[in-house]
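The values are calculated or read from the model by the stated rules, or taken from the named source; none is laboratory data. Nothing here was measured: the structure is a model prediction, and the numbers come from that model. Here the Cβ positions follow ideal geometry from the backbone for every residue, glycine too, while neighbour counts run over all protein chains shown. These accessible areas exclude ligands, DNA and RNA; they are computed on the full protein's heavy atoms, side chains included. Shrake-Rupley method; radii C 1.70, N 1.55, O 1.52, S 1.80 Å.
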Amino acid sequence: MTPAPISRRRALTLGGLGAVALVGGTTGWIATANTGTGTFQPGASGAELLQPPVLDSRDDRLSVELTAAAGVRLAGRHTSALGFNGGSPGPTLRVHPGDELAVRLTNRLQQPTNLHTHGLRVSPQGNSDNPFVRIDPGASFDYLYRIPADHPPGTHWYHPHHHGMVADQLYGGLVGALIVDRGPDVPASTDRILLITDITLDDAGAVVPASATDRTMGREGRLLLVNGQHQPTLTAAPGSTERWRIVNACTSRVLALRLEGRQIDQVAQDGSFLNRPTRRDTLVMAPGNRADILVQPTDTGRFALVAGPYDRGSMMGGSSGSSGSSGTTMLATLVVSGASRPAVALPAVLPSEAPTVAPVTRTRQTDFRMGMGGGMGGGGMTVSIDGRTFDPARDDQTVAFGSTEEWTVTNTSPLAHPFHMHVWPFTVLAASDGRATTGTPQDVVLIPPRGWVRLRIPFTTLPGRSVYHCHILDHEDAGMMATVVVA
Ligand SMILES: [Cu+2]
């Protein structure tokens with residue numbers, strides 16, 4: 001992608017980060033002016049929520065062909081956004097512990113891509129969940145993922161992970177759900193995926209490119225979609241138990257979810273059951289997080305699922321032009337109607353994993369940083385981990401296979417960064433903001449602005465080389481990613 005020229009006048013309208021916009025092209029921050037055309041109007045709102053097509057494993061194997069290409073329906077209109085097999089989200093892949101998942105991914109994009117099975121505890125090597133694979137335009141690649149027989153059941157997702165293009169490709173629409181199913185585990189009359197994305201489209205249905213400021217802060221689209229639909233309706237009977245598997249597939253947006261007039265009972269996070277159902281007024285989901293919730297409507301009526309404001313911090317001490325705070329947006333409506341039935345009791349305890357008890361053999365610290373300067377242009381915003389931008393050839397952390405480590409991940413910047421580690425989930429021990437911890441595994445955690453999180457990470461089941469990074473994917477593309485070698 002060639003950086004578009006950017007006028008000084010345009011740069012000054014970008015808010016407090018004009019200096020960043022003026023040096024577009026350095027260190028991966030690419031200044032791209034908006035197309036200037038009108039705003040996309042959804043073709044349909046309020047229709048019943050549809051589920052993406054489900055591809056289910058049979059006889060211990062699921063073989064699928066996925067084609068990444070432009071041209072999908074979003075919000076009831078044809079768009080030139082991206083999808084898998086003509087859909088955004090793509091098909092839901094459902095596998096069982098012990099299965100083999102074979103994916104032939106064909107790239108019909110104009111740029112390289114690849115695939116990350118976010119949340120699956122599978123090998124990061126070879127043609128498994130290997131983030132270093134590159135699939136050029138027109139090429140295909142055969143992935144083979146071996147799901148361990150003791151893999152916990154849970155809600156995961158898949159998306160491209162080719163460094164430098166991850167944000168554009170996810171934001172463009174290349175996302176899908178991936179479920180590890182072990183049969184009935186919690187009582188639910190309805191089991192639905194709610195995969196949430198955001199995107200900004202112009203009136204012709206083209207994706208509006210991210211600006212320099214968008215890339216610094218992490219882009220947030222103006223249109224919020226659930227399974228590619230605009231403000232869909234979920235119809236349920238009073239007394240039913242709805243299981244919603246929510247995926248925050250937004251590129252940068254933190255979702256602070258509320259179901260107005262009701263509380264949310266969370267049962268799983270990032271594909272791992274909590275120890276017991278946990279009641280929440282607001283469910284905060286960083287980009288990449290999944291949350292399984294149970295909803296038991298009692299009274300008939302309409303209840304809005306909304307994404308409330310969340311302050312991700314700001315680069316310039318709160319000036320609105322550069323803050324990562326968004327307003328309240330309606331996502332979907334729960335319509336409760338029909339004959340009432342007696343509700344089942346929520347389980348008192350959940351089939352969560354036993355906590356790891358192995359002693360910590362090493363502690364480690366790693367720091368997520370943002371700053372001015374650096375780069376060939378001699379200025380501009382940089383992101384790094386421990387002062388280094390991503391180099392796929394460099395080994396940043398070397399871990400002894402079989403060990404359990406305690407990592408303190410610090411954030412010296414004024415923006416919150418979601419920390420994500422591939423294939424090795426962690427337990428959050430503590431965070432600088434004093435939040436409650438679950439004691440169960442997860443794979444994305446928000447590091448507060450100028451704060452820290454302390455994690456316990458078992459590297460006991462899978463050897464190999466992979467990455468950890470910021471799940472604000474604009475930051476990841478700009479270099480906020482590091483390698484980890486487990487051997
Ligand atoms: Cu970040």
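Residue 214 fails exactly one of the following numbered conditions: (1) closer than 17 Å to residue 477 by Cβ; (2) open to solvent by 30 Å² or more (accessible area, probe 1.4 Å); (3) at pLDDT 95 or above. What is the number of that condition? Among (1) closer than 17 Å to residue 477 by Cβ; (2) open to solvent by 30 Å² or more (accessible area, probe 1.4 Å); (3) at pLDDT 95 or above, the lone unmet condition for residue 214 is (3). Against the numbered list (1) aliphatic (A, V, I, L, M); (2) within 16 Å of the ligand (Cβ to nearest atom); (3) open to solvent by 30 Å² or more (accessible area, probe 1.4 Å), residue 446 comes up short only at (3). Close Cβ contacts (under 6 Å, 6 or more residues apart or on different chains) running from residues in region 344-367 that are under 24 Å from residue 398 (Cα atoms) and touching a residue at least 24 places away in the same chain (Cβ under 8 Å) to residues that are among the charged types (D, E, K, R) and surrounded by 15 or more Cβ atoms within 10 Å (Cβ to Cβ) comprise 360/406; 362/405; 363/406; 364/405.
Among the residues of this structure, residue 329 counts as one that is at pLDDT 80 or above and among the hydroxyl-bearing types (Ser, Thr, Tyr).
Could you say whether any residue in region 249-261 is assigned to a loop (DSSP other than H, G, I, E, B), away from the ligand (no atom under 16 Å from the Cβ) and of a type in the set (Val, Ile, Thr)?
Residues of region 249-261 that are assigned to a loop (DSSP other than H, G, I, E, B), as a first pass: 249-254, 260-261.
Okay, now just the ones that are also away from the ligand (no atom under 16 Å from the Cβ), so 249, 260-261.
Narrowing the set further to residues that are of a type in the set (Val, Ile, Thr) leaves none.
Looking for residues that are assigned to a loop (DSSP other than H, G, I, E, B), away from the ligand (no atom under 16 Å from the Cβ) and of a type in the set (Val, Ile, Thr), one finds none in region 249-261, hence no.
Of the numbered criteria (1) outside any loop (DSSP other than H, G, I, E, B); (2) away from the ligand (no atom under 13 Å from the Cβ); (3) under 26 Å from residue 276 (Cβ atoms); (4) touching a residue at least 40 places away in the same chain (Cβ under 8 Å), the one residue 418 fails is (2). Determine whether region 243-252 contains at least one residue that is touching a Pro at 6+ places or on another chain (Cβ under 8 Å), among the aliphatic types (A, V, I, L, M) and open to solvent by 10 Å² or more (accessible area, probe 1.4 Å). There is no residue in region 243-252 that is touching a Pro at 6+ places or on another chain (Cβ under 8 Å), among the aliphatic types (A, V, I, L, M) and open to solvent by 10 Å² or more (accessible area, probe 1.4 Å). Restricting the first member to region 448-468 and to residues that are more than 24 Å from residue 310 (Cα to Cα), and the second to residues that are open to solvent by 10 Å² or more (accessible area, probe 1.4 Å) and acidic (Asp, Glu), the beta-carbon pairs closer than 6 Å and six or more apart or on different chains are 456/406. Of the residues in region 430-443, at least one is under 23 Å from residue 121 (Cβ atoms), in contact with a Pro (Cβ under 7 Å, 6 or more places away or on another chain), open to solvent by less than 30 Å² (accessible area, probe 1.4 Å) and within 16 Å of the ligand (Cβ to nearest atom). In region 84-113, the qualifying residues are those that are assigned to a loop (DSSP other than H, G, I, E, B) and of a type in the set (D, E, K, R), and the one that is farthest from residue 228 (Cα to Cα) is 99.
Report yes if residue 322 is modelled with pLDDT under 95, small (Gly, Ala, Ser) and open to solvent by less than 10 Å² (accessible area, probe 1.4 Å), otherwise no. The answer is yes for residue 322.
Please verify whether region 133-144 includes one or more residues that are closer than 20 Å to residue 251 by Cα, open to solvent by 20 Å² or more (accessible area, probe 1.4 Å) and part of a loop (DSSP other than H, G, I, E, B). Within region 133-144, not a single residue is closer than 20 Å to residue 251 by Cα, open to solvent by 20 Å² or more (accessible area, probe 1.4 Å) and part of a loop (DSSP other than H, G, I, E, B).
Return yes when residue 77 is within 23 Å of residue 227 (Cβ to Cβ), under 19 Å from the mean Cα position of the chain (by Cα) and of a type in the set (Lys, Arg) and no when it is not. Taking the combined requirement at face value, the residue does not satisfy it. Scanning region 154-179 for residues that are open to solvent by less than 10 Å² (accessible area, probe 1.4 Å), touching a residue at least 60 places away in the same chain (Cβ under 8 Å) and in a loop (DSSP other than H, G, I, E, B) returns 160, 173, 174, 175. The single residue among 182, 215 that is outside any strand (DSSP E or B) and under 20 Å from residue 254 (Cα atoms) turns out to be 215. The single condition from (1) open to solvent by 10 Å² or more (accessible area, probe 1.4 Å); (2) farther than 22 Å from residue 171 by Cα; (3) within 16 Å of the ligand (Cβ to nearest atom) that residue 413 fails is (1). Taken over region 449-487, the residue count meeting the criterion of being within 16 Å of the ligand (Cβ to nearest atom), within 16 Å of residue 394 (Cβ to Cβ) and among the aliphatic types (A, V, I, L, M) is 4. Considering region 449-487, the residues that are open to solvent by 10 Å² or more (accessible area, probe 1.4 Å) and β-branched (Val, Ile, Thr) include one that is farthest from residue 126 (Cα to Cα), namely 460.
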